[in-house]
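Only the coordinates and a few stated rules stand behind these numbers; no lab work does. Here the structure is a predicted model, which means the values were calculated and not measured. Methodologically, a virtual Cβ is constructed for each residue, glycine included, from the backbone with ideal geometry; neighbour enumeration extends over all protein chains shown.
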Amino acid sequence: MEKKTASEEKSMEPRRKPTSGEWVEASVGDFLERRSFLAFLLAIGGALVGGLLSVPLIRFVLHPLLAQTTQLKWSEVGSIDEFKDIVKPVKRVINVEQRDGWRKVVSEKAIYVIRAANGQIKVLSPICPHLGCPVAWSGELNQFKCPCHVGAFSPEGALISGPPPRGMDDLDAKVENGRLLVQYQYFRSLVPKKEPMT
Amino acid sequence: MSEPEPRNGKIIEWVDRRTGLNTIMKVALKEPIPGGARWAYIFGSGLIFTFMLQAITGIFLTLYYSPSADHAYTTVSYITKEVTSGSLIRSIHAYGSSAMVIILILHLTQTFLFGSYKGRRELLWLSGTVLFSLILGMAFTGYLLPWDQNAYFATTVGTNVAGEVPIVGDWIKRLMRGGNDMGTLTISRFFSLHVLFIPAMIAIFVSLHVYLFRKAGAAGPYAADPVEPNLPEESFYPRQLLMDVAFAAVLIAVLAGLARFSPADLGPRANPADTQYLGRPEWYYRSVFQWLKYWNPPYTIIGVLVIPAVVGALFVGLPFYDRRKERRPWKRPVAVFVFLFILGGLIYIGRASYVEDQNNPGVRDQILQQEKETERLMSQPFEPELAGVAKAAPVAISPAAERGKAIFERMACGACHGEGGTGGLALKLAGIGARFPNEKLTELLRKPTPKMLEGGMSPSPLKDPELKDLAEYLTSLKPF
Ligand code: FES
């Protein structure tokens with residue numbers, strides 16, 4: 001029906017030039033004012049195709065949100081034999097690998113390998129659960145000491161005194177092919193329970 | 001219906017009063033085409049469409065691309081292998097450049113065969129020739145950016161060609177490369193040209209080209225007089241618009257299909273030391289590449305300069321010396337023959353380049369092996385770039401400093417100040433020796449200033465000799 005009206009309009013339009021028979025002069029009038037069915041189709045089609053094409057573009061931009069957060073990587077602490085006979089906490093520096101877009105950033109982090117009360121080897125994060133200062137092992141005092149607000153922890157990392165709300169945090173560790181591996185991560189400070197930050 | 005009552009009339013009127021949009025649309029859509037709409041006229045708008053597609057995908061690609069010799073390859077690999085839809089967008093952009101060159105050639109051929117440059121269209125033609133070189137410039141500069149072997153060697157050859165030009169050649173070559181050799185400055189330059197300079201020029205010249213086109217009016221079919229076509233006119237809307245839209249739809253379908261089912265690959269990282277690698281330019285530069293092989297000293301200058309200059313001058317000056325109003329191709333046999341001869345010649349020697357590669361067993365095997373290697377690399381997962389291990393190089397230090405180092409480690413100073421005093425939560429200590437003499441350092445360690453105390457530094461419980469050793473160690477730490 002639309003089509004018919006359109007062709008009727010055409011016949012009413014004055015023509016400035018002669019037309020040959022093989023094509024009809026189109027009359028658009030005011031494109032924006034009298035929108036024909038065709039213009040409507042074009043607009044819808046254009047919007048559809050444009051919308052379809054923008055999907056990959058939007059996904060491209062949203063990649064940081066769409067990509068699943070990178071898994072924590074295991075870092076090597078050393079051969080498990082090194083820690084077989086330890087009685088006191090031992091400090092080690094590990095390489096922690098983090099992804100930064102197309103870069104892989106390797107940073108050095110300190111950790112403590114300790115022997116827990118049940119005789120198991122454990123790995124402690126040196127980050128004070130109070131306000132995040134790095135805790136140091138003092139052999140003379142047989143204690144972990146936090147330099148910031150004098151928090152003190154036992155050789156197993158349990159809280160002895162000071163403002164920290166909990167003991168030192170242990171990190172997920174495992175032994176694989178005789179190597180001690182650890183997952184370095186940060187935990188929320190100032191809360192009584194250990195809560196990983198992601 | 002003869003005096004239509006606009007739907008949504010109020011809003012449209014409001015917008016139109018302020019923008020004149022209605023008028024612009026009218027001018028754009030009512031462009032009169034003498035002789036009516038034709039498929040032959042779709043290439044101009046096809047070029048604008050592809051250019052916009054290239055601009056959009058290109059802008060998005062810069063989100064993840066880094067233009068430096070160190071990172072370009074990794075970032076392109078990241079886009080290709082890791083970023084969501086990255087391969088698709090990069091492939092559309094890469095294939096889009098080929099599409100643009102093809103449509104450019106079709107547009108030029110149509111204009112030439114229809115004699116549409118005649119009849120007061122000299123400036124229109126000139127702006128077109130500028131756009132021609134700008135688009136080829138886009139293709140050339142863009143090709144280098146992934147910084148893989150092919151990009152590197154193709155551009156090395158390309159810039160070497162410029163070096164063949166007598167007298168100023170070497171100067172041009174160094175200017176293009178940003179130095180004697182291809183390197184990080186070359187990428188910076190090409191990137192800047194590719195995303196800023198040339199696109200801006202293209203935008204300006206496209207506007208000019210379209211303006212001049214509308215000023216002169218569409219030339220219409222080749223039977224028509226170029227100045228007074230004297231043919232019944234059809235407006236651009238709707239039939240020509242529909243044809244243009246159909247062409248755009250085909251283009252996008254082909255590009256998306258190619259990008260989806262045969263994505264653009266990325267070869268091995270550029271390695272200037274690789275003497276085996278055979279760099280081959282993109283197909284549209286293949287004929288130039290092959291052409292240069294035919295010209296050896298002392299005739300190089302003829303092939304590199306004389307013949308291209310003559311052809312270029314003939315090309316640019318066309319509407320100035322071809323002043324006849326006759327447009328029908330069969331009535332202009334010489335012009336049409338020369339045009340087709342050059343076009344056919346380019347296609348022929350371009351093809352010859354591929355054939356030559358295939359016929360030389362050594363070359364064929366090397367290229368085959370390069371393709372295999374590329375395929376293998378494409379199947380590998382993305383390998384991120386190692387960054388951020390900023391370790392001070394080990395320097396020989398005095399025994400006192402050596403003892404101080406042990407103290408530094410025992411006292412866990414590094415927990416705040418970073419391993420090796422590289423800085424962390426607290427002050428970076430490397431380089432502190434330049435600011436304080438040893439005695440002052442000892443003093444500060446024993447009795448920190450209020451500001452230091454506030455920052456979490458505690459007075460050291462160490463004895464004097466130990467403090468001296470520690471200060472000695474701190475002084476030995478060099479900034480990096
Ligand atoms: S940060 Fe460790 S006690 Fe406050």
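Things worth noting here:
- Under the Karplus curve 6.51 cos²θ - 1.76 cosθ + 1.60, θ = phi - 60°, whole-Hz ³J(HN,Hα) for segment B:401-411, x wherever Gly or Pro sits: 5, 4, 5, x, 5, 4, 5, 3, 6, 5, 7
- Once the mean of 1/r is taken over each pair of separate Cα atoms and inverted, segment B:332-373 shows a Kirkwood hydrodynamic radius of 12.1 Å.
- Mean Cβ neighbour count within 10 Å, used as a protection proxy, ranking A:171-178, B:186-193 highest first: B:186-193, A:171-178
- Cα gyration tensor category, rounded, prolate or oblate, for segment A:74-183 with a/c compared to 1.5: oblate
- 222 nm mean residue ellipticity, helices alone, for chain B (DSSP H n ≥ 4; -39,500 (n - 2.57); rounded to 500): -19500 deg cm²/dmol
- Taking amide H positions as modeled 1.01 Å from N, with prolines and chain starts lacking one, the residues under 5 Å from A:ARG188 and 5 or more places away or on another chain are A:GLU195, A:MET197.
- Contact order normalised by residue count of chain B, Cα under 8 Å, 6+ apart, percent: 19 percent
- Calculated FRET value between B:LYS10 and B:ALA203, using beta carbons and R₀ = 25 Å, to 0.05: 0.15
- When the charge dipole of chain B is built from unit charges on Cβ atoms (+1 for Lys and Arg, -1 for Asp and Glu) and taken about the Cα centre, the candidate among B:PHE112, B:SER476, B:GLY344 whose Cα reaches farthest toward its positive end is B:PHE112.
- Calculated FRET efficiency for the pair A:GLU195/B:VAL168, C-beta based, R₀ 56 Å, to 0.05: 0.25
- Across segment B:63-76, coupling constants 3J(HN,Hα) worked out from phi with the 6.51/-1.76/1.60 Karplus curve, θ = phi - 60°, read 4, 10, 8, 10, x, 8, 4, 6, 10, 3, 4, 4, 5, 5 Hz, and Gly and Pro carry x.
- Cross-link table A:LYS91/A:LYS122; B:LYS293/B:LYS372; B:LYS81/B:LYS372; A:LYS84/A:LYS145; A:LYS104/B:LYS372; B:LYS405/B:LYS463, entries beyond 20 Å C-alpha to C-alpha: B:LYS293/B:LYS372; A:LYS84/A:LYS145; A:LYS104/B:LYS372
- Between segment B:293-361 and segment A:168-193, the alpha-carbon centres lie 71 Å apart.
- Amide H partners (placed H, <5 Å) of B:GLY36, local residues excluded: B:GLU234
- Dipole magnitude for the protein assembly as shown: about 900 debye, using +1 per Lys or Arg Cβ and -1 per Asp or Glu Cβ, origin at the Cα centre.
- Net charge of Cβ neighbours under 13 Å - reference B:ARG280; Lys, Arg +1; Asp, Glu -1: -2
- Positive dipole terminus of segment B:30-361, leading residue within B:MET52, B:GLY317, B:LEU196 (C-beta point charges): B:GLY317
- Dipole axis of chain B (+1 Lys, Arg; -1 Asp, Glu on Cβ), positive-most option in B:ASN296, B:ASN360, B:PRO329: B:PRO329
- Fewest-first ranking of A:HIS149, A:HIS130, using other Cβ atoms within 10 Å as the exposure measure: A:HIS149, A:HIS130
- As a rough footprinting exposure proxy, the listed residues A:TRP102, B:TRP283, B:TRP39, B:TRP330 were ranked by other beta carbons within 10 Å of their own, and the order from fewest upward is B:TRP330, B:TRP39, B:TRP283, A:TRP102.
- For segment A:74-183: relative contact order, % (alpha-carbon pairs under 8 angstrom, 6 or more apart): 26 percent
- Computed about its Cα centre, the charge dipole of segment A:74-183 is approximately 120 debye, with only Lys, Arg, Asp and Glu carrying charge at their Cβ.
- Estimated distance in nm for a label pair at B:ASN360 and B:VAL306, the labels positioned 7 Å out from Cα along Cα-to-Cβ: 2.6 nm
- Cα gyration tensor category, rounded, prolate or oblate, for the protein assembly as shown with a/c compared to 1.5: prolate
- Shape category assigned to segment B:399-476 from the gyration tensor of Cα positions, a/c cut at 1.5: rounded
- Charged-residue dipole, Cβ positions (Lys, Arg, Asp, Glu), segment B:161-300 about Cα centre, Debye nearest 20: 480 debye
- Rg to Rh quotient for segment B:105-250, alpha carbon positions, Kirkwood Rh: 1.10
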